[in-house]
Structures are given as C-alpha cells and as structure tokens.
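A short write-up of the structure that comes next.
The values are calculated or read from the model by the stated rules, or taken from the named source; none is laboratory data. In this text the structure is predicted, and so the values were computed from the model without any measurement. Positions of Cβ are backbone-derived with ideal geometry, glycine not excepted, and every protein chain shown enters the neighbour counts.
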Amino acid sequence: MFDAPADRKTLVEVRDLKMHFPIYAGLLRRHVGDVKAVDGVSFDIFDGETLGLVGESGCGKSTCGRAVLRLYDITAGTIRIEGEDISTMGQETLRKKRPTMQMVFQDPQASLNPRMTLAGIIGEPLDEHTGLKGSARRDRIYELMDAVGLNRDFANRYPHEFSGGQRQRIGIARALALHPKFIVCDEPIAALDVSIQAQVVNLLEDLQDKFGLTYLFISHDLSMVRHIADRVAVMYLGKVVEVAAREGLYADPKHPYTQALLSAVPEPDPVLHDTAERVILTGDVPSPSNPPQGCNFCTRCPQVFDICRLKDPQSREIEPGRHVACHLHNEPQAAGETAA
Amino acid sequence: MPDGALPVLDVKDLKTVFRTRQGEVHAVNSVSFDLKPGELLGVVGESGSGKSVTMMSLIGLLPSPPAEVQNGQVLFGGQDILKADDQTLRAIRGARIGFVFQDPMTSLNPVFTVGFQLMEPLRKHMGMNKRNARKRAQELLELVGIPDAGQRLRDYPHQFSGGMRQRVMIAIALACDPQVLIADEPTTALDVTIQAQILELVKDLRRKLGMAIVWITHDLGVIAGIADRVIVMYGGQIVEHAPVRELFANPQHPYTRALLETIPKVHGERDERLRVIQGQPPMLGAEPAACPFRARCTHRLGRCDRENPVRVPVGPDHDAACFWDAGTGGARDV
C-alpha cells in the first residue's frame, strides 16, 4: 500500500500510529479510559512534497503531527524517517536525529521565549547540535534571517517587538537552522491576518524549493491546504478517512466527510453561494474518549447505512494513490456480504 | 427591505480614541454608515482595523478611560444614543439592540445555568415573572435548534459544545426581540461544519424574525454567503462600501481588490502563487493625515501622501475612499 511513484522515494512512513492519553478518575486515580486522539493512522510522505493534514479541531491532527516527530511516547505503531524506525528510539538517540526533523508551531507568541533575543532564539539549535562559535555562528544566524526575510538589524531585539507574521518568520528560521529535511508545520498561519497569511505561505513555498524541504502541513483551512499541498489527508476523530492527490480530492471527494467538509467552506463569491448545494452536517463530533461503534463518522454521516454502525471500515486504495476508509467504497463482494 | 426606508441605525462621523501610557491610538476615524430595517450589513477588516471598536463605541460598551468617543452621532429610534444616560443605554442594550460575541465560552457565565442566563434579560427588560420567562426561554432554545430544550435549561455552559454555546448566545441576544443584532465574529471560533450550521440558522432566523443584523468578520467567504451590503474597514476607516454582489464583482479600493486576490479558493482555478499584500497594517498613533493604506498600495499616487481620501460615489449605492480610479487606472477626478 501507499506505493510511491517510481521516481519518488518515501521520506516519512507512518503505519497504524496510535496516541492514546489515559484518563484517571476517582479517589484512587484509577485508569478509567483513554482519549484516543490518534487511533490507527497510516500515511506516507514523499521526499520533497507537502502533505496537507486537514480536519476540524479535536480530530487529532496536531497530536498526529507531534507524534510523528516523537514529541510524545506513542502508544502503538511505527514511524520511519529516511527508513529509520524512530517509534521506539531512546531519547538520546532521538536527539541526534532531531536536526533532520523540525517543527513550526501555531502560536508564534507562545513558542518563542520572551526573554531571548532573536539571535538567541535562532542560535539555540546551533549551540545544541553544532560546534559553531563566534563569527561562524553569527554568520549562520544572519544567513537564516536573510532566508526568511528578516532584517539583520533586528538580531538583538526581543519577540514582543515583532508583529505576528514576523514572529512566525523567526519560528521558521529556528526550524531551518540545522538543515532539516522534514518540517511539521502545525497551523503555521492560523493566528495571522489574511493579508499576512499569504506572505508566510509564499515564504514556506520558496524555502521548500530552495532547500528541498518536505512538509507535513497541518491546517483547518481547506483553501490554503489546496494551495500549498501536493497530497491531502483528511482526519476525523483520530482516523484518516481519505488520502488523495490534491486535484482529485478537491474536484471529486469520495468520503462523505470530505464532501461535507469541502461544501461547508464559505467561498468568497456571492453568486456561488446562491447556487451551490450544501451538505450541512447535523450534530457535533463525538468524544474521542468514547467513539461510536462502527465507523467514527456514522453519527453524522448523511449516507449512513446498517453496516456503518457495526463495523469500522478499513482504508482501501480505490484508485492508484487514493485511499478511502468508507463502506460505500468497499469491494463489491464486501458490499454483497452486507446485503446478505 | 425597501429602498429609502428610514434606517434603524444611523452612524455619523464616529471617532474613538484610546489614551494609553504609550500614547494615543486613533482606533476609529470618521466612520459613517447606516443600517436599514431587516438587512444584514457585513463589516470586513483585519485585526486592528477598528471594526469591533466601532460597534462597541456606538453602544457605549468601551471602558472609559482609556477609550473616549470624541465625536459623532448615533441615531437609534430617532434618539442620539451617544448622548444618552446610563439608564437609557441599559434599557437599549440587550433589549432593543442584541449582541453575540466571538467566544461563547467567555461571554457566558460559567456558574449560572443556561436557563438562568436566558431568563435574566426577559425578567429585567420585559418584566416577565419566573414562569413566563422559563416558558419563553424554552421557546428560544427551540428556535435556535437546541434539542431537548426544556431539559437543557438546567445545564451549565460547560455542558454544551462550542456550536451549541453559540446557539445559546444567539438565543439570549434574541430574547427581547431586538430591532438590531450586532454579531462580532460569531463563527470565528467554530469549525467549518459547525459554522455552516450557524450560518444556516441565522439565515432562517432572519426569515422568521426580520431584525437588522450587523455582522463583523474577517472572513470574506462568510460575508459573501450572508450579507446584503458590505463595508470594508482599514486603519480605523471605512475604505469601501457596496452591495455584496457589486463588491465582489466590481471592487474599487486597492485594499479590497488585493484582499480578494490574496485568499485562495476551494473551488475553481487554483493559483500557482498567492498574491501578497506587502508590509504591515498601520499603527494608528495619530489622526491620519494621509491614506492609511498608502504604504502597502500598488496604485499609490502623489496625492495619497498629502491627503486622506474621503468616500466618493463610484457606482450605484457604492462608494470608495481612494484617489485612484479602478476604471481608468489613473487618478480620480475629485
């Protein structure tokens, strides 16, 4: 499954990743259940591409991004980066691997230390992982500031002196410091104004071309993901329901959740609003500590039928490079079984 | 909404300044607009453009100091409510003008039941007794589509999901049958599928109740779906105003035009590269003596540095504050 096109090699391979957070309750703090934030997720990211990971809040997309970088001790599954299994790697070995895999966080205010200068923030990974000292270190910091479009004169300023968009540039420069191959961008533009979002997205695209980066781009903004991603994975309640190339997913979504999600995006075009047919989902997302029996989406799915409430659908490749986890797209014989 | 109908809300030359220790902030400058009965007026702008402060100042919700409404007139029901005393304002706020704010969790009181908070305006403003208020509260929850309304009156805000809480907020705002509803980014904190539910609800409520709505948002997609008329704000001023279809089909101000080009779309053509508005929004430290958008504008003229353009008509019911003429591509003859 997930065969790479002949000319592309797989950089990140995630198989059946699970990240459960235990719930303790009562006087004795007994283990009473788990929040199944990520519950059996598999996908590949090819070298040099951007995989968009979309979903609504609470679907586990951020947890998934953090788990892929082993910022958590994962519950189950395997993660391979450049063919190396990091899912059970010890912290010390993992630390040596960190330079290849970096992260850009959502909130540039919270992810930058207010007591460190810009040069201190960008220079910290250099101190931790390289032997760069003195002028070599300073030159590398300047080089990184140039790369993300920050004025060199700002090197000794503090984060609060910058606007949101500039702070996000600092976060990106820090992530680039150690020549990473793979960067997880967790909602990097969600906190920014519309006119600033485009600046940061264009910067991320330029840097990808220049340094050959591979991104996992996590976002709830479907129109921005359509712009930046080559392939898109859609998550719902801890599971990936559909993975497809960008054009296919947006032109012809297969999973009922993807269809509803795309149709819910308000388009900046009043004429389209009057003509478009909308799928309005009823109800709310169930709790990940107590997901429904069968398919996770069965409580809100407009096309639900009997088997959905009994059996969790497995992800299947319905066309090359396109994976859907839905009983509507099961093999004919499986559909026959349900009729019997 | 018939044309020429007397506006329910008429705002003229509103000016609000914040005096802080770091100096003055001229958040709202000479803002004028009206709201016709039954219409939905969209107010678009980025953070800091003055859209929320405008609405807060016209009903006296800003703490003073630091805020000071220095100039302007707000006619509501023939009365200038900027000059009204606290008692009159209290009788208007929450009764004849309702509000829905962005974050339903922080605007509901966590220690009172939803029923209590729904009944409060009914008892205070309408003088209902407990029994009638409870009955009306239940009707209101049913109106905004909350299942099992009678039971849920006894629940606390944390027992509701984000979308349900926003429905409760809308029910509270509608409790006293207001003529005007001011909604400040009411769907920004919600997920898209929940946002779609709330937008449907608002469309439905408009058909049933017919109040006028001011809808503040930064999301042009939302505006395209629900507004009748739109005002675009930038740097504390209204830079463009037009009916919704006209604005999207025929934007005149360079800011509106650039904004429409920067947002990627889910359907239709995909741009290889996003258009960017260079630079940052302006600091509003002084009264603007020139166009606030000039530093980021791609059509900047010599005059833009010397004067702040006023709004001039550019089409039917359409005006823009700009010296550049999108039609000719040159300077406007004003």
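Can you pull out the residues in the stretch A:35-78 that are over 26 Å from A:Phe297 (Cα atoms) and touching a residue at least 24 places away in the same chain (Cβ under 8 Å)?
Once the filter is applied, which keeps residues that are over 26 Å from A:Phe297 (Cα atoms) and touching a residue at least 24 places away in the same chain (Cβ under 8 Å), the stretch A:35-78 yields A:Phe46, A:Asp47, A:Gly48, A:Glu49, A:Thr50, A:Leu69, A:Arg70, A:Leu71, A:Tyr72.
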Legend entry - Unmet criterion (only one of (1) charged (D, E, K, R); (2) touching a Leu at 6+ places or on another chain (Cβ under 6 Å); (3) facing chain A (nearest Cβ under 10 Å)) for B:Glu200: (2)
Legend entry - Inter-residue pairs, beta-carbon under 6 Å, first more than 21 Å from B:Thr54 (Cβ to Cβ) and in the stretch B:177-195, second crowded, with 23+ Cβ neighbours inside 10 Å and hydroxyl-bearing (Ser, Thr, Tyr), 6+ apart: B:Gln195/B:Thr187
Legend entry - Pair list, Cβ under 8 Å, 6 or more apart: the stretch B:320-334 residue farther than 15 Å from B:Thr298 by Cβ, other residue exposed (fewer than 14 other Cβ atoms within 10 Å of the Cβ) and of a type in the set (Val, Ile, Thr): B:Ala321/B:Val310
Inset, instruction - Would you check if there is a residue in the stretch A:155-169 being within 14 Å of another protein chain (Cβ to nearest Cβ), within 13 Å of the chain's Cα centre (by Cα), buried (at least 19 other Cβ atoms within 10 Å of the Cβ) and touching a residue at least 24 places away in the same chain (Cβ under 8 Å)? - result: no
Inset, instruction - Take the residues in the stretch B:286-305 that are over 16 Å from B:His253 (Cα atoms) and either within 14 Å of chain A (Cβ to nearest Cβ) or surrounded by fewer than 12 Cβ atoms within 10 Å (Cβ to Cβ) (or both), then tell me which one is nearest to the chain's Cα centre (by Cα). - result: B:Ala286
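Kindly evaluate B:Gln159 against the criterion of being polar (S, T, N, Q) and at pLDDT below 90.
yes
Hey, can you tell me all the residues within the stretch A:252-266 that are of a type outside the set (Val, Ile, Thr) and touching a strand residue (DSSP E or B) at 6+ places or on another chain (Cβ under 6 Å)?
As a first pass, look at the stretch A:252-266 and keep what is of a type outside the set (Val, Ile, Thr): A:252-257, A:259-264, A:266.
Those that are of a type outside the set (Val, Ile, Thr) and touching a strand residue (DSSP E or B) at 6+ places or on another chain (Cβ under 6 Å): A:Lys254, A:His255, A:Tyr257.
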Legend entry - Filtered residue count, the stretch B:244-285, keeping only those that are more than 9 Å from every other protein chain (Cβ to nearest Cβ) and more than 30 Å from A:Asp230 (Cα to Cα): 10
Legend entry - Selected residue (criterion: farthest from B:Val310 (Cα to Cα)) from residues of the stretch B:17-28 that are in a strand (DSSP E or B) and over 16 Å from the mean Cα position of the chain (by Cα): B:Thr20
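Could you tell me whether any residue of the stretch A:218-227 is assigned to a loop (DSSP other than H, G, I, E, B), touching a Pro at 6+ places or on another chain (Cβ under 9 Å) and acidic (Asp, Glu)?
Residues of the stretch A:218-227 assigned to a loop (DSSP other than H, G, I, E, B): A:220-221.
So of that shortlist, the ones also touching a Pro at 6+ places or on another chain (Cβ under 9 Å) come out as A:221.
Checking the rest, the ones that are also acidic (Asp, Glu) come to A:221.
So far as the stretch A:218-227 goes, yes, one or more of its residues are assigned to a loop (DSSP other than H, G, I, E, B), touching a Pro at 6+ places or on another chain (Cβ under 9 Å) and acidic (Asp, Glu).
Where residues in the stretch A:115-140 are among the small types (Gly, Ala, Ser) and assigned to a helix (DSSP H, G or I), which of them is modelled with the lowest pLDDT? Show your work before the answer.
So the first thing to find is which residues in the stretch A:115-140 are among the small types (Gly, Ala, Ser), and the list is A:119-120, A:123, A:131, A:134-136.
Going one step further and asking which of them are assigned to a helix (DSSP H, G or I), we end up with A:119-120, A:123, A:134-136.
Numbers: A:Ala119: 94, A:Gly120: 94, A:Gly123: 94, A:Gly134: 90, A:Ser135: 93, A:Ala136: 93.
Result: A:Gly134.
Let's see how each residue does on (1) in a helix (DSSP H, G or I); (2) surrounded by 16 or more Cβ atoms within 10 Å (Cβ to Cβ); (3) at pLDDT below 90:
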{"residue": "B:Gln117", "(1), (2), (3)": "yes, yes, no"}
{"residue": "B:Glu120", "(1), (2), (3)": "yes, yes, no"}
{"residue": "B:Ala133", "(1), (2), (3)": "yes, yes, no"}
{"residue": "B:Gln138", "(1), (2), (3)": "yes, yes, no"}
{"residue": "B:Glu142", "(1), (2), (3)": "yes, no, yes"}
{"residue": "B:Pro147", "(1), (2), (3)": "no, no, yes"}
{"residue": "B:Gly150", "(1), (2), (3)": "yes, no, yes"}
{"residue": "B:Arg154", "(1), (2), (3)": "no, no, no"}
Inset, instruction - Test B:Asn109 against the stated conditions and say whether it is within 29 Å of B:Tyr156 (Cα to Cα), surrounded by fewer than 14 Cβ atoms within 10 Å (Cβ to Cβ) and in contact (Cβ under 8 Å) with a residue 12 or more places away in the chain. - result: yes
